[in-house]
Number of protein chains: 2
Amino acid sequence: MANIQDIATSAFINTLSALAFLLGFAFLRLQPINDRVYFSKWYRKGIRAEPKRSASVKKFVNLDFRAYLKFWTWMPEALRMPEPELIDHAGLDSVAYIRIYLLGLKIFVPIAILSFAILFPVNWFGETLKNIKDLTYSNIDKLSIANVPSGSKRLWAHVIMAYVVSLWTFYVLYKEYQIISTKRLQFLAGAKRRPDQFSVLVRNIPPDPDESVSEHVEHFFCVNHPDYYLMHQVLYDANNLAGLVEDKKSLKNWLTYYETRFERNPKKRPRTRTCLLGLFGKSVDAIDYYKTEIEKVIKKEAAEREKVINDPKAILPAAFVSFKSRWGAAVCAQTQQAHNPTLWLTEWAPEPRDVFWNNLAIPYVSLSVRRLIIAVAMFFFTFFFMIPIALVQSLASIDGIQKVLPFLKSLIQRPRAKSFIQGFLPGLILKIFMALVPQILMAMSKIEGHISISSLERRTAGKYHLFVLVNVFLGSIVAGAAFQQLRTFINQSASEIPKTVGVAMPMKATFFITYIMVDGWAGVAAEVIRLVPLVIFHLKNTFLVKTELDREEATDPGSLAFYITEPRTQLYFLLGLVYSVVTPIILPFIIVFFAFAYVIYRHQIINVYDQKYESAGKFWPDVHRRVVTGLVISQFLLLGLLNTKDVPQATPILLVLPVLSMWFYHLCKGRFESIFMKFPLQSVKQTGCNDERHDREGDRGQLQPEGVPERCLRAPGVQRCNNRRVASQGSRDGRWWWWWW
Amino acid sequence: MANIQDIATSAFINTLSALAFLLGFAFLRLQPINDRVYFSKWYRKGIRAEPKRSASVKKFVNLDFRAYLKFWTWMPEALRMPEPELIDHAGLDSVAYIRIYLLGLKIFVPIAILSFAILFPVNWFGETLKNIKDLTYSNIDKLSIANVPSGSKRLWAHVIMAYVVSLWTFYVLYKEYQIISTKRLQFLAGAKRRPDQFSVLVRNIPPDPDESVSEHVEHFFCVNHPDYYLMHQVLYDANNLAGLVEDKKSLKNWLTYYETRFERNPKKRPRTRTCLLGLFGKSVDAIDYYKTEIEKVIKKEAAEREKVINDPKAILPAAFVSFKSRWGAAVCAQTQQAHNPTLWLTEWAPEPRDVFWNNLAIPYVSLSVRRLIIAVAMFFFTFFFMIPIALVQSLASIDGIQKVLPFLKSLIQRPRAKSFIQGFLPGLILKIFMALVPQILMAMSKIEGHISISSLERRTAGKYHLFVLVNVFLGSIVAGAAFQQLRTFINQSASEIPKTVGVAMPMKATFFITYIMVDGWAGVAAEVIRLVPLVIFHLKNTFLVKTELDREEATDPGSLAFYITEPRTQLYFLLGLVYSVVTPIILPFIIVFFAFAYVIYRHQIINVYDQKYESAGKFWPDVHRRVVTGLVISQFLLLGLLNTKDVPQATPILLVLPVLSMWFYHLCKGRFESIFMKFPLQSVKQTGCNDERHDREGDRGQLQPEGVPERCLRAPGVQRCNNRRVASQGSRDGRWWWWWW
């Protein structure tokens, strides 16, 4: 067990490294050459442009020394933008995301103050550890529950604190759920009219022997939604077409490149070779060559499009169906259409950029089988994760390498190589495996068949949370690999498990403090400097960028990787809740993490990240559920711990807490969850009753038969579905979603 | 352990008693005097009338001896009515109910044949028990898995049988779910038009400072369902009014009685007294007296109605809202109306007779608290059920009675009283408590706040199933009260629990065989004779019946007490599945039970029961879930049992089964459940597109503004809600549902 000096040293080192990152960031962001990396969001929005190209040095390095004196100003700046503006600027997803850190602060700051005021004196004067002579103990442990003797009345202070912590967490969680759901409703109501608000995605359209998919959809919705159905767009499996479109884009880019070269130097027409990126083959005139190539691809594309449209096999049993009003779409998305509830599945059309196209056409039984397989795989992955790692680690040991690659023998026998292999390699392998986990889980979610990227991320986050819970939290407390724990737990009684974990818990507090500083503080500070995108940008800029378009695409602004960061953040919630009563000294470290992460992520969503989709905070129910899960775990562990402390009366009193927590969860679920799942008809009507016609200025698809105001469509003559008009729609470019763009 | 002779004796006795019941029934049903008890359904339907009143003896006793020779004909008669006719005659609920027994037959008959063919030889030649000299064993045990030695390869036959049983059960369950859901859709589509098909029950209407509830509903639905909203009916808390209506009915009955007496004997005007059922008080002319009394009550009723309508406190925050089409109602019932999903809750209006009026006005938080309280209460009730019984039993012992009621000392010291108290009283007390259980659980469900009688019965059945599982099934296998089991299970490891139960299981087979015969065979046979209603009918007929109306009401046709009988039936499913692999000799007894119950309940729903409501088989998902639960329990128990039999390879193979079962459950849930919860728009359109106008011949409320065909209402001028018409509706008699009748 580390004592206060050790912790202080570690804190000092980690604070230093975090500061170094921050200073590095402050320096790098002032350099114009990095502008696109650190302000990519503004570039994407078209608000910020390349710095003026007057002086050639100033183009790359900032020589204004006054700027360096204000290097810390980005922090207050990041906090300055008011939340409504931030929602406008970055979307509700991002704002809801940084509110997770705010939630952490709201929960833990008051708890920390109260714990310090009440539990510190109670623990400090407990004086158990002093009496045990042969035990080395640190000052940290004198501040924890371990210092209170068994059977002492002081333990009731902890029981009361457990109630205070739970009730306060309930209160904050409820308020926050309320705030986010209000914001979501406002956001959806205030959103600009887009086709997807009037549309529903229909999947699992059953095959019909007499009709094509398109006719079948048409007839089905004409019969079942006669007053609101407007038109539909069948989806095509057009992967080849998408490839051709990509090819065309690349060729056009090359053409632009050679044209600008020719413009700058009109004396010499640029030449290129025909094979392998212009490196081999016959030398030809570049501009002519690419022009003819583009012509060829355009012809191919037209042929391919014709083929796709006429090939019944390319038609997926899915379609986007549009309605005359948002009310009609809301109704269709929420109701069951067919007798067989696995056919004609309807849901709100995801944003076009949010759709995960590969999964749109999976039939029900296959989906069900996939979920089963993934559930089983997930079980093995979580509990037997350590086995392949141990295998690789044993292979990467000195003996293993000697066996597999005997010719390396002389190399690895050198002392430096030896110490690297022995000391560093196993840790590195673990790190690599751990970094791969979210990607593996994401692949699993994709197999499960979710149809939007946002739902993929939400499901992956759930899996990753379980993984972190078992392999990081439990794995750190109860040492040993997860499958060994599993065996222990199966062979242990239900009442023993919380005891085993609960007793081991206080001793691991110092470990987790170090973990928070390394993974939390330094990790978040590393986020702001964006080392990987920075390097990649400069590499691309130097070697690959040919045109402005290329430069545009060289910066990867990135986005909040919700499925990676949120489950990790949940670990801090869990640690905070678990240790708030047991070893409250951990709380300040967690609070620093939350505050720090809040500032940095707020800065990132303002200046850097460009979200891939907007789900309007749809992940909040998951966040809420996982915090409550953490709370329940903390309550059971405290119960287990106090069970060993000889306070039998505390058991029934503490057993009330998990029951209360589960009840609270159900209360909130009933109160808020459907705001995130369904779309209340009230909102549809209140926002769209008078001007339900679409925004016609935009370049989006026009959903309304020309010139007929929506209200008049109800007259009996007009209300039937205008088939002709529908059929004439939708013959533009793209992959499957021609109609969207 | 009982041997085959014991079982045979018990079977003989129980068969005899069942036969005695059946003979008694065959005799009693032929007596005209019992006609109303044994053919009450036909009387209710008005098809069967009182036997001709020619000969006075024949009126009471059947003297036609030929009839007695055909006393068994009711059985084939009961089976003869084809199912579609039966659905017409008794409703889908009843038919779905008897199909539970059919399901039992479909599952267990093939399994029994296969088990007999395969497992009997395997077990019989196992010869473990023969080798153990000092163990007394019976022939029954030689047929069970106990006779197969540990580690024997013969045990693989049991593993394979477990797979066959599970897969066959899946198949039958899936098919049956499919059949029932098809029948449900057909039934709903074919149902006669009733107001409740066009209506939605809205609850939790939020208070509005400026508007009355009625105005608020009006405005809300005019805004949110402008094209389909027709009218609404606010609900009043009119308990006083309901009392007055009851009084009026009773007075009218007395008036009829005295008028018929006067008609038969016109010379003497009947007289009555004014107090206490005409026994005391001033003597007055009966007909005049009751006429004036009725006048008084009618006036009171009018005043009370005026009061209720004008009293804002009497208005409940709930209303029935009617739509112009079933489509509109289906849409409203399935969608979320308000931003706050706990307000403006909509669901299909239950049938008027199915509504549980007391629970219509419970706000969300109160509902949530009630569910929490009942969940906790349910836990204690299930696991600590034996404690109050033990207490009462100890009070009812000789010592207890002597202490509490010392003056009875001389009485209870007599040997006969003593043996009664010692031998019979504890069993009687247990029986009484057990009989009270479903009623207590029903009271709990009522507190939970469900709004229809059908949902109350479904929830109670769920609770009772848990109770039977813990207190009857587990309680019989692992002897000891439930709370002791609970303690054992908490202190035992997860892998030990199935072992403990699994090992005890084969030894209890003979006990359960006896249980099936006593509770199943004799119990069902007792059902057909309807002893309690028979006695009550004759008592009422002799002492209370004054008029034809009274006689009509004296027969209680009863109904299927789903919440009592279904969980008990589930115990037989569980026993069958658990013992099908372990001790298949139990299966014939279960098959006889299912066959017997099927015939008898088919007879009862044809001739006797009059269902209180019709939910169109809405309970089937529960039945399905509970059978799958039984299957999972059986799989875990087999796993535990084989764990002790030294076949380690079998464990992972058998672990696949519960995973498969849970997957199967989810597959079926996704495929069928929403057919029982929602109402597909397809059905609404397919059944009502051309003649959506209501059946106007009936005496039900007329929902359509006079003379306007439904289709024309869409024209812009007419489509707005006709407020005047709505306001003029709904001023008839009744409790809250004036408008319904």
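The values are calculated or read from the model by the stated rules, or taken from the named source; none is laboratory data. Everything numeric here is computed off the predicted structure, so don't read it as measured data. In this analysis, Cβ positions are derived from the backbone assuming ideal geometry, glycine residues included, and neighbour counts consider all displayed protein chains. When the accessible area is computed, the model is the full protein with side chains, heavy atoms only, and any ligands, DNA or RNA have been set aside. Shrake-Rupley method; radii C 1.70, N 1.55, O 1.52, S 1.80 Å.
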**Asked** Do any residues in the stretch A:283-300 that are surrounded by 15 or more Cβ atoms within 10 Å (Cβ to Cβ) have Cβ atoms under 9 Å from those of residues that are of a type in the set (Gly, Ala, Ser), where the two are at least six apart or on different chains, and which pairs are they?
**Response** A:ALA286/A:GLY278
**Flag for B:GLY630 being at positive phi and away from chain A (no Cβ under 14 Å)** = no
**Asked** Does B:LEU343 meet the test of being within 14 Å of chain A (Cβ to nearest Cβ), of a type in the set (A, V, I, L, M) and touching a helix residue (DSSP H, G or I) at 6+ places or on another chain (Cβ under 9 Å)?
**Response** yes
**Residue ID - least open to solvent (accessible area, probe 1.4 Å), chosen from residues in the stretch A:669-697 that are modelled with pLDDT of 85 or more and within 7 Å of chain B (Cβ to nearest Cβ)** = A:ILE675
**Request:** Please work out if A:LEU655 is in contact (Cβ under 8 Å) with a residue 12 or more places away in the chain, more than 28 Å from the chain's Cα centre (by Cα) and within 13 Å of another protein chain (Cβ to nearest Cβ).
**Result:** yes
**Prompt:** Any residue in the stretch B:542-555 that is buried (at least 22 other Cβ atoms within 10 Å of the Cβ) and under 30 Å from B:ASP354 (Cβ atoms)?
**Reply:** yes
**Message:** Considering only the stretch A:229-240, I want to know if a residue exists there that is more than 18 Å from A:LEU360 (Cβ to Cβ), open to solvent by 10 Å² or more (accessible area, probe 1.4 Å) and assigned to a helix (DSSP H, G or I).
**Reply:** no
**Asked** Would you call B:ALA318 open to solvent by 10 Å² or more (accessible area, probe 1.4 Å) and either at pLDDT 80 or above or closer than 24 Å to B:LEU201 by Cβ (or both)?
**Response** no
**Request:** Test A:ALA396 against the stated conditions and say whether it is surrounded by 15 or more Cβ atoms within 10 Å (Cβ to Cβ), out of contact with any Lys or Arg (no Cβ under 7 Å at 6 or more places or on another chain) and facing another protein chain (nearest Cβ under 10 Å).
**Result:** no
**Message:** Checking A:ARG353 against (1) part of a helix (DSSP H, G or I); (2) surrounded by 21 or more Cβ atoms within 10 Å (Cβ to Cβ); (3) in contact with a Lys or Arg (Cβ under 8 Å, 6 or more places away or on another chain), only one condition comes out false. Which one?
**Reply:** (2)
**Asked** What residue, among those in the stretch B:473-524 that are touching a Leu at 6+ places or on another chain (Cβ under 8 Å), more than 16 Å from B:LEU642 (Cα to Cα) and modelled with pLDDT of 75 or more, is nearest to the other protein chains (Cβ to nearest Cβ)?
**Response** B:PHE473
**Request:** Find the residue count for the stretch B:435-493, including only residues that are within 22 Å of B:LEU571 (Cα to Cα) and part of a loop (DSSP other than H, G, I, E, B).
**Result:** 4
**Complete:** Note on the stretch B:322-340: residues more than 10 Å from chain A (Cβ to nearest Cβ), within 18 Å of B:VAL355 (Cβ to Cβ) and within 29 Å of the chain's Cα centre (by Cα) are B:ALA329
**Message:** Is it the case, given these coordinates, that A:PHE356 is more than 14 Å from chain B (Cβ to nearest Cβ), under 30 Å from B:PHE679 (Cα atoms) and under 34 Å from the mean Cα position of the chain (by Cα)?
**Reply:** yes
**Request:** Find the residue count for the stretch B:411-432, including only residues that are open to solvent by 50 Å² or more (accessible area, probe 1.4 Å) and touching a residue at least 24 places away in the same chain (Cβ under 8 Å).
**Result:** 2
**Test result for B:SER495, touching a residue at least 40 places away in the same chain (Cβ under 8 Å), hydroxyl-bearing (Ser, Thr, Tyr), touching a helix residue (DSSP H, G or I) at 6+ places or on another chain (Cβ under 6 Å) and open to solvent by less than 60 Å² (accessible area, probe 1.4 Å)** = yes
**Prompt:** Any residue in the stretch B:364-385 that is within 14 Å of chain A (Cβ to nearest Cβ), surrounded by fewer than 19 Cβ atoms within 10 Å (Cβ to Cβ), in a loop (DSSP other than H, G, I, E, B) and in contact (Cβ under 8 Å) with a residue 40 or more places away in the chain?
**Reply:** yes
**Request:** Out of B:GLY328, B:GLY427, report the one residue that is farther than 24 Å from B:VAL200 by Cα and either touching a Pro at 6+ places or on another chain (Cβ under 7 Å) or among the small types (Gly, Ala, Ser) (or both).
**Result:** B:GLY427
**Request:** Please work out if A:SER199 is open to solvent by 10 Å² or more (accessible area, probe 1.4 Å) and polar (S, T, N, Q).
**Result:** no
**Request:** Sort out which residues of the stretch B:433-460 are open to solvent by less than 80 Å² (accessible area, probe 1.4 Å), closer than 22 Å to B:PRO350 by Cβ and of a type in the set (A, V, I, L, M, F, W, C), and write them in order of number.
**Result:** B:LEU441, B:MET442, B:ALA443, B:MET444, B:ILE451, B:ILE453, B:LEU456
**Fill in**
If we take the stretch A:85-196, then helices (runs of 4 or more DSSP H) inside it with 2 or more residues that are modelled with pLDDT of 80 or more are A:92-124, A:155-190
